[in-house]
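Some notes on the structure that comes next.
Readers should treat all values here as calculations from the given coordinates under stated rules, not as data from a laboratory. Nothing here was measured: the structure is a model prediction, and the numbers come from that model. Neighbour counts are summed over all protein chains in view; Cβ atoms, including those assigned to glycine, are modelled from backbone coordinates with ideal geometry.
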Amino acid sequence: MATRVVKITVVTDFVCANCCIGQHELLNAITFCKDTLHLPLAFQLEHLPFRLLNSVNDDSPKVERVDFLTTHLGQERFAKLKNDVSKWAEEKGIPISFKGVVSQTTRAHRLCQKAYKMGGQKLQIPILCAVFKAHMEDGLDIANIGVLADLAESVGLMGREEAVKFLESDELEKEVNDMCSAARSKGISGVPMTIIDGKWAVSGGQSSEVFIQIFKKLAAAGIHSAPSPFAGPVMETGICV
């Protein structure tokens, strides 16, 4: 059977716990479909930026994430978010937490867009995963140029000095701003938003099983016949911050 190329575009933000969860689940689903199910699919991934916290600047005074989210969401909503994330983290063995400070993500998004321009998904995915881990697991400030430069070097994207020079410039800042504005103009107000083949959208941090079922339907449909893999409306999940 001929291999069908599946284009996946993920609109995401690094301050979003559900985006981090969705990233893990999507990559796990792709690996399972390729290595275990051997589906005749080739995946092309591109991650686009979104900013949930427009009121926070790159160099804003630092506020603890727990304090910010409690104020922003209210105690009840934050408690539910924390419980949901903690349950998933325990099940998967991935220590996501809410420690650390609130960070604007423009610099991190610029770095990820630079990676995509340099080498597509092969370079973008490693730095994307590294930034998520740094913020969600290690509690690091991902607005900090030194932190991001260390991450860029650690995944082999570029040397630390080159990364610092890039991050201190305004390269790709306009592009990232335009991408964030374009996402909102298309009606995206929450992330993650996963768009498959430019036709179908899945919102929220979905489980790998959701993606596996979609990919199985796409594989069965073949290259030239591609009905919507969804039986119902777009799948929604809870709040993402």
Quiz item: Helix 106-132 versus the longest principal axis of the chain: what is the Cα-based angle in degrees, 0 to 90, to the nearest 10?
Solution: 40
Self-check item: Dipole of the stretch 139-217, positive end: most advanced residue of I142, S169, I196 [Cβ charges, Cα centre]
Solution: I196
Practice problem: In whole angstrom, note down how far apart the Cα centers of the stretch 163-192 and the stretch 48-77 are. | Solution: 17
Self-check item: Fully extended contour minus Cα-Cα distance, from V155 to S97, at 0.36 nm per residue
Solution: 18.6 nm
Quiz item: What translational diffusion coefficient, in µm²/s and rounded to a whole number, does the Stokes-Einstein relation yield for the stretch 96-172 at 25 °C and a viscosity of 0.890 mPa s, taking the hydrodynamic radius as the Kirkwood radius over Cα pairs?
Solution: 202
Quiz item: How far, in degrees from 0 to 90, does helix 145-154 lean away from the longest principal axis of the Cα atoms of the chain, to the nearest 10?
Solution: 40
Quiz item: Between the helical axis of 173-185 and the dominant principal axis of the chain, each derived from Cα atoms, what acute angle in degrees is found, rounded to the nearest 10?
Solution: 60
Quiz item: Which shape class applies to the stretch 39-164: rounded if a/c is under 1.5, otherwise prolate when a/b exceeds b/c and oblate if not, where a ≥ b ≥ c are the square roots of the Cα gyration tensor eigenvalues?
Solution: oblate
Quiz prompt | K133 versus R77: modelled label distance in nm, points set 7 Å from Cα along the beta carbon direction | solution = 3.2
Quiz item: Counting Lys and Arg as +1 and Asp and Glu as -1, each charge on the Cβ, what is the dipole of the chain about the Cα centre in debye, to the nearest 20?
Solution: 760
Quiz item: By average Cβ neighbour count within 10 Å, what is the ranking of 165-178, 123-136 from highest down?
Solution: 123-136, 165-178
Practice problem: Would you please put 157-163, 99-105, 211-217, 182-188 in order of how densely packed they are, using the mean number of other Cβ atoms within 10 angstrom per residue and starting with the highest? | Solution: 99-105, 211-217, 157-163, 182-188
Self-check item: Extension gain (nm, one decimal) between F32 and K186, 0.36 nm per residue minus Cα-Cα
Solution: 52.3 nm
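Please figure out what share of the DSSP beta bridges in the chain is antiparallel and state it in percent, rounded to the nearest 5.
50
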Self-check item: Viscosity 1.306 mPa s, temperature 10 °C, Stokes-Einstein D of the chain from Kirkwood C-alpha radius, µm²/s
Solution: 86
Quiz prompt | Amide proton proximity set for F43, modelled H, under 5 Å, gap of 5+ | solution = V6
Quiz item: Going out from 0 in 5 Å bins, what whole percent of all Cα-Cα distances in the stretch 1-105 drops into each bin?
Solution: 2, 10, 16, 19, 16, 13, 9, 7, 5, 2, 1, 0
